[in-house]
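Encoded as C-alpha cells, the structure appears first; notes follow it.
The values are calculated or read from the model by the stated rules, or taken from the named source; none is laboratory data. Everything numeric here is computed off the predicted structure, so don't read it as measured data. FYI the Cβ positions are ideal-geometry reconstructions off the backbone, even for glycines, and counts take in every protein chain you see. Note: accessible area is taken over every heavy atom of the protein model, side chains too, but ligands, DNA and RNA are not part of it. Shrake-Rupley method; radii C 1.70, N 1.55, O 1.52, S 1.80 Å.
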Amino acid sequence: GLRHKTICFLIVPFLHNTWNLEPCTLYPIYTLHLSFIMGKRRQARELAIQVLFHLEFNPGNPDNVFDLICENFSSQKASRAFARQLVMGVCEKKISLDELISRSSRNWRLERMSRLDSCILRRAAFEFLFMEDIPPKVSIDEALEIGKKFGSENSGRFINGILDNIYNSRVGEGKLFE
C-alpha cells in the first residue's frame with residue numbers, strides 16, 4: 001500500500017495519446033501505473049483463455065497452439081510471457097485441476113460444464129494454487145470478469161460459486177498453495 005498519497009499528476013496532451021485517455025485531464029501517476037499493469041495481466045489472462053479454449057477443440061502441443069494463436073490474432077507482446085506461463089501451467093496440472101473442480105462443483109460434472117467456463121475455472125484455480133505472487137481474490141475476480149465478458153449470462157455466478165468453494169476448502173485444509 002501507499003503510505004503517502006502521490007501528488008504527481010500526468011497531463012495528457014492532445015497528440016501522442018497512446019493510452020486513450022481524455023486530453024487535458026489530470027491523472028494521478030500511480031493510478032495510471034496500476035491500471036496499465038492490470039491491463040497487461042487482463043490481456044494475458046484473456047489470451048490464455050483463448051489458447052486453452054482452442055485446445056479444448058483441437059488438442060495439440062500447447063506451445064505450438066500458443067504461437068499459432070499469437071500469430072493469427074492480435075496480442076500484445078508484453079502480455080505473452082504471463083499468458084504462456086498460465087497456459088503451460090494449466091496444461092501441466094490439468095488432471096489435478098479437473099479433479100479439484102469436479103469435487104468443488106455441486107451437481108455439475110465437468111463434462112456438463114461449458115468448455116469456456118471450465119477453461120476459466122482451470123486458469124483461475126491454477127493461479128491461486130500455484131502462483132503465490134498473485135492474491136487468490138485477484139485470480140477469482142479476474143475469472144469473474146472474464147466469465148462475464150465471454151461466457152453466458154450465468155457464467156459469473158457459476159464461476160464464483162465453484163472458485164469460492166475451492167478457495168474456502170483449501171484455506172480450511174491449510175493447503176492454499178501446492
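Give the peptides 148-154, 121-127, 158-164 in descending order of average Cβ contacts within 10 Å, highest first.
On the way: 148-154: 13.0, 121-127: 26.4, 158-164: 19.7.
The packing order, highest mean first, is 121-127, 158-164, 148-154.
Can you spot the aspartates and glutamates whose alpha carbon is less than 14 Å from Lys40's alpha carbon? Ignore those fewer than 8 places along the same chain.
Counting by Cα, and skipping residues close in sequence, Lys40 has these aspartates and glutamates nearby: Glu142.
For segment 64-178, what is the accessible area per residue in Å², given a 1.4 Å probe and the full set of protein chains? Walk me through the numbers on the way to the answer.
Values: 6260 Å² over 115 residues.
Accessible area per residue, segment 64-178: 54 Å².
Which percent of the accessible area of segment 61-118 is formed by carbon and sulfur heavy atoms (probe 1.4 angstrom)?
On the way: 1700 of 3680 Å².
In segment 61-118, the share of accessible area belonging to carbon and sulfur is 46 percent.
What percentage of the solvent-accessible surface of segment 120-167, computed with a 1.4 Å probe over protein heavy atoms, is contributed by carbon and sulfur atoms? Walk me through the intermediate numbers first.
Values: 930 of 1950 Å².
Roughly 48 percent, rounded to a whole number.
What is the spread of the Cα atoms of segment 87-178 along each of their three principal axes, largest first, in whole Å?
Result, largest extent first: 32, 26, 23 Å.
Ordered by residue, what ³J(HN,Hα) values in Hz, to whole numbers, does segment 71-87 give under the Karplus form 6.51 cos²θ - 1.76 cosθ + 1.60, where θ = phi - 60° and Gly and Pro are x?
Calculated HN-Hα couplings, in order: 6, 9, 10, 5, 9, 5, 4, 5, 9, 5, 4, 5, 4, 4, 4, 5, 4 Hz.
How much length is gained if the chain between Ser169 and Ala81 is pulled fully straight, taking 0.36 nm per residue apart and subtracting their Cα-Cα distance, in nm to one decimal? Please report the intermediate quantities before stating the final value.
Numbers: separation 88, 0.36 × 88 = 31.68 nm, distance 3.04 nm.
Working it through step by step, the gained length comes to 28.6 nm.
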